[in-house]
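First the structure, in the form of structure tokens, and then the observations on it.
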Amino acid sequence: MSRSRNGGLTPFERLRSRFEEQDLVCPKCGYDDDDGKWLAETTGNRIQYRHLCPSCGHVRRRTYRLGEE
Ligand SMILES: [Zn+2]
């Protein structure tokens, strides 16, 4: 009754769009990777995100478990 089931994003997609809107600035060198993105890898019920800074090569990783939001 509240909202349609169509057009809703999956947890995965919501998580990803949240990432893509922010946090592309490397904490190490401060490079703003405007064209970059977090690469997602799904393993089982986990999503691992990886971002490689094109400036200094610093790699950040974040792991989320689905269904814990
Ligand atoms: Zn960097």
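Nothing in this text is a laboratory measurement; each read-out follows from the coordinates by a stated rule. All values derive from a computational prediction rather than experimental measurement. For neighbour counting, all protein chains shown are included, and Cβ atoms are generated from backbone atoms with ideal geometry for every residue, glycine included.
Run the quick spin-label model on R50 and V25: label points 7 Å from Cα toward the beta carbon, then report their separation in nm to one decimal.
2.6 nm
How many percent of Cα pairs in segment 24-65 exceed 17 Å?
Result for the distance tail: 31 percent.
Given labels modelled 7 Å from the Cα in the Cβ direction, how far is it in nm from E41 to E13?
So the two model labels end up 2.5 nm from each other.
In the neighborhood of T43, defined by Cβ-to-Cβ distances under 13 Å, what is the net charge if each Lys or Arg adds +1 and each Asp or Glu adds -1?
Numbers: positive: R46, R50, R61, R65; negative: E41.
Charge balance near T43 sits at +3.
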